[in-house]
Structure formats: structure tokens, C-alpha cells
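One structure below.
The values are calculated or read from the model by the stated rules, or taken from the named source; none is laboratory data. All figures in this text were calculated on a predicted structure; none of them were measured in a lab. Every residue, glycine among them, receives a Cβ derived from its backbone with ideal geometry; neighbour counts consider all protein chains shown. Accessible surface is based on the protein model in full, side chains and every heavy atom, while ligands, DNA and RNA are left aside. Shrake-Rupley method; radii C 1.70, N 1.55, O 1.52, S 1.80 Å.
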Amino acid sequence: MDGEHSNIVDNANEMRLYFSAISENEAFARTAVAAFITKLNPTVQEITEIKTAVSEAVTNAIVHGYEGRGHDKRVQLYCRITGRELYIEVTDEGIGIPDIKLAMEPTYTSKPEQERGGMGFAFMDAFMDELNVTSVPGGGVTVAMTKTLGDGS
Amino acid sequence: MEIIFTQANKNLIVKPSGEIDHHSSVELRREIDRNLTRSKAKNLIFDFSAVEFMDSSGIGIMIGRYRELTQRGGKVYAININGSIKRIFGISGLSRIIPCYGSLDEALASAGGE
């Protein structure tokens, strides 16, 4: 992860947000990312895809990482634009994922009673170019996603 | 979230407005289940014309209601799904189990007026 003073190349832009791990911040997080990328002139479809991926990653942190008890916990959202490439990182310091491969299988869910369908990672994968999930059991999860936007036409 | 319910014979039509995510899905699920019980409707029709955003939480609600209603011999339909919602219907496989129609009339015709 980048430090407090990352070396950022010319033509790049970055932002970092910390917010309470509560469900009402899901909308805030995806709206913040949509606002951050406005200068790239994204298409409506690109905005929707990115908002969906962010929503899934942040919801996972809140529901699974902190198991819905994250009022005093934080989710970190980091975004960097380099040229037309958008890099997004969503990090929690929750319980972690014991088996990432299993968790990323479509329709797998560790909480079937919550009826979220287990489609979160499938949507992130479908809507972003690259998806990388790392976890330390007991030490949280980092979801890193990359997407190169078109020329806006 | 504004949620409008209307009933046509044995069909309950639910029209949510705005964004369906994990946060808003709690209220949406509770209201749908409450209205299903109260109306004794057999089928459920989701009207997406006023939905501006939906993530996998919405898919979860639909699969949950689909399981419940099909067990009782009912059906679940979707109407007015736009481009982005159509895509997540496709990716999630929802479009294979939930018939989608362009209008309420078509869905009601398919439900057979029951």
C-alpha cells in the first residue's frame, strides 16, 4: 500500500478516504469515486460499472470484514488516476477471508441468510479489468481493482 | 427509499425508487415481505423503471423472493429493466430464472390474469 507521501507521477491524481464501516456509507463511497473520476469524462456505463464494483467491495468490508459491527471501525478507500487508468483499493481491518478462492466463486456466500446472492466478487470481476484480493486471516482484506477508461466517446 | 406497491388480482407489483444496495435492501426486503403476506398475492412483479442503481444486494432480494414464491406455486417477473440492470441480470444468471418484460401489461398477460 502507498504511504502517506506517495510519489505520484505527473498526470496522476489520487485520493484517500476513511469512513465508518456502516451501511449508509456504501452510497457515499461509490458516489465519492464517481465524483473523483469526473475529469476523465467517463461514459454512463463506465460510471455504473465502477460504482457497482466499489459498492460490492465496500459492502463486503462492512458485512463480512466487520460482520456488520463496524460502527467504531474504518474502511479505507484509495483511488489513483494515472492517465486513463483508474486504480481503486478498498481495505478493511476485519476478520479476513480464510479461503479467497472459495470466496470468489460465483454464488458462494458465507452468509446465505442475508440473501446477497454471493455475486459480489463476480460483479467486481466483470466490471473492472483487473481484480486482486489479498487477506491476512484476522488482519483484514484488501481488494485492488484496475480499470482503463475509454476515450470518453 | 420510496417503494410503491399496487395489486392486480393475484399479482403484487413493487416499484422501488432510487438506489438498491445493501443498506436500502433491508427496508426493501422487509416491505416486500410485509406486503406479500398482507396481500396474499401469488406472483410478484418487480418494476425497475425508477431504479437508478442496483448492486448484488438487489439480486439477492430477487433470488430470495423467487425461492419463496416458486415453492408456493407463484412466479416472479421483472419489468422495465434498463441497460445496466439488464447486464447484472445477465451476469448473475437471474435472467435465466426470472422472465423480463417491457411493460406491466405483458407481465400480467404472462401471469395469466390469475
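Could you name every one of the strands (runs of 3 or more DSSP E) located completely within the stretch A:57-153 that has at least 3 residues being in contact with a Gly (Cβ under 6 Å, 6 or more places away or on another chain), open to solvent by 30 Å² or more (accessible area, probe 1.4 Å) and modelled with pLDDT under 95? In the stretch A:57-153, no matching strands (runs of 3 or more DSSP E) lie anywhere. Within the stretch A:65-72, is even one residue closer than 23 Å to B:Arg87 by Cβ, within 11 Å of another protein chain (Cβ to nearest Cβ) and of a type in the set (Gly, Ala, Ser)? Among the residues of the stretch A:65-72, not one is closer than 23 Å to B:Arg87 by Cβ, within 11 Å of another protein chain (Cβ to nearest Cβ) and of a type in the set (Gly, Ala, Ser), which makes the answer no. Figure legend. Inter-residue proximity from the stretch B:94-114: first residues within 16 Å of B:Gly73 (Cα to Cα), second residues in a helix (DSSP H, G or I) and among the aromatic types (Phe, Trp, Tyr), beta-carbon distance below 7 Å, spacing 6+ or different chains. Indicated pairs: B:Ile97/B:Tyr66; B:Ile98/B:Tyr66. B:Ile3 falls short on exactly one of the conditions (1) within 14 Å of another protein chain (Cβ to nearest Cβ); (2) farther than 16 Å from B:Ala111 by Cβ; (3) of a type in the set (Val, Ile, Thr), and that condition is (1). Condition test on B:Glu19, is it closer than 24 Å to A:Glu26 by Cβ and touching an Asp or Glu at 6+ places or on another chain (Cβ under 7 Å)? For B:Glu19, the condition - closer than 24 Å to A:Glu26 by Cβ and touching an Asp or Glu at 6+ places or on another chain (Cβ under 7 Å) - is met.
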